[in-house]
Amino acid sequence: MFNAVFAFGQAEIGISGMVEWDKMEIQATVSLNLASAGLSLPAGRTQGEALINLTEYIRLIRPRILNLQVDSSSVIAHYLERGEWSPMEIERLAEQARSVPPALSQDLQNLSASYYLDLAGIAAAFIRHERPGEIPRTISPVSAPVYTGIIIIANEALPVHGMRSSALTRPCLFPKIWDSDMNLIFERNMLNPQASAMVRYFRQQTIFARGPSGLSPEITAIVGDRPLRIFAQGVFGSTPTDPIINRADALQIISREENRSLLREGKVAIILDNSVLQETIVPGL
């Protein structure tokens, strides 16, 4: 968490929060130091609430939305710079947040309002196609079971394709999936527009739960109880967001229509290191 102070007259208005990829949510709290605004209780509460209204939240959260990773090469700010999005669209994204009414701190010195912004809702704004593109097929299909979902395990540092280095796979709204021959297996335009998200991110603990499947209820809700488990072999992208899987594993997916549909419907979970699943909101970013 961080506390950044912004001037609103003499009032100290700050924002703190976290991007939580495993929850697909941005949590942000806008707070006001009452004394800095010359306010006292009980009369000053209404004025304090007016200072930390929706407009102030949008102003403070806007830089973090602009810095949100869309794919391996773009953040939302790039869409604004290229003229593909307008400032009003950024504001509309911020307005999707679920809000909690302002509350006083225990010492009665600060007034805070919390907002919860769904990342899946932000991702939906980038889906412009009406029909999903074709998932790649193979002219030499292999015998493959019908799976209920796909889990890609990428929680350790992996070789970065095209570089002599390794890196932790990082989350984004639309990661591509490649095979070890660098054939593109899955990308944004192949997703059913009605699906809630392209992939979901989880911690390693969710695939070592008690029970017959070894999966937690949260990940089972996405991939079912008979998923294909794949260990990523590498990662790709200027920002390393795109897992690379073995060609043999890719064939297990693309050899059957039932398994190709798992990609199309977003029944994909990616296991990442805990350290990349939460991003503290940083002033100006």
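Just so it is clear, none of the values below were taken in a lab; they were calculated from the coordinates. Every value quoted in this text rests on a predicted model; they were computed, and no experiment measured them. Here Cβ is always computed from backbone atoms with ideal geometry, including for glycine, and neighbour counts include all displayed protein chains.
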Apply the Karplus curve 6.51 cos²θ - 1.76 cosθ + 1.60, θ = phi - 60°, to the phi angles in the stretch 226-236 and return the couplings in whole Hz, x for Gly and Pro.
10, x, 7, 9, 10, 8, 5, 9, x, 9, 9
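Looking only at the chain, where both bridge partners belong to it, what percent of the DSSP beta bridges are antiparallel (to the nearest 5)? Don't jump to the answer; show the numbers that get you there.
Working: 39 of 53 bridges.
If we restrict to bridges inside the chain, about 75 percent are antiparallel.
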For percent of Cα pairs over 36 Å apart, with candidates (1) 25; (2) 30; (3) 50, the value calculated from the shown model is option (1)
Counting sequence-distant residues (5 or more places) and residues on other chains, those with an amide H built under 5 Å from that of Phe186 are Ile177
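May I ask for the Kirkwood hydrodynamic radius of the stretch 129-271, worked out over all distinct Cα pairs and given in angstroms to one decimal? Working shown, then result.
Details: mean 1/r = 0.0657 Å⁻¹.
That comes to 15.2 Å for the stretch 129-271.
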With the dipole of the chain defined by +1 on each Lys or Arg Cβ and -1 on each Asp or Glu Cβ, the option from Ser86, Asn67, Asn274 whose Cα lies farthest towards the positive pole is Asn274
State whether the stretch 196-285 is rounded, prolate or oblate according to the following rule on the C-alpha gyration tensor (a ≥ b ≥ c being the square roots of its eigenvalues): a/c under 1.5 gives rounded; otherwise a/b larger than b/c gives prolate, and the remaining case gives oblate.
oblate
Antiparallel bridges, percent of DSSP beta bridges restricted to the stretch 150-276 (to nearest 5)
35
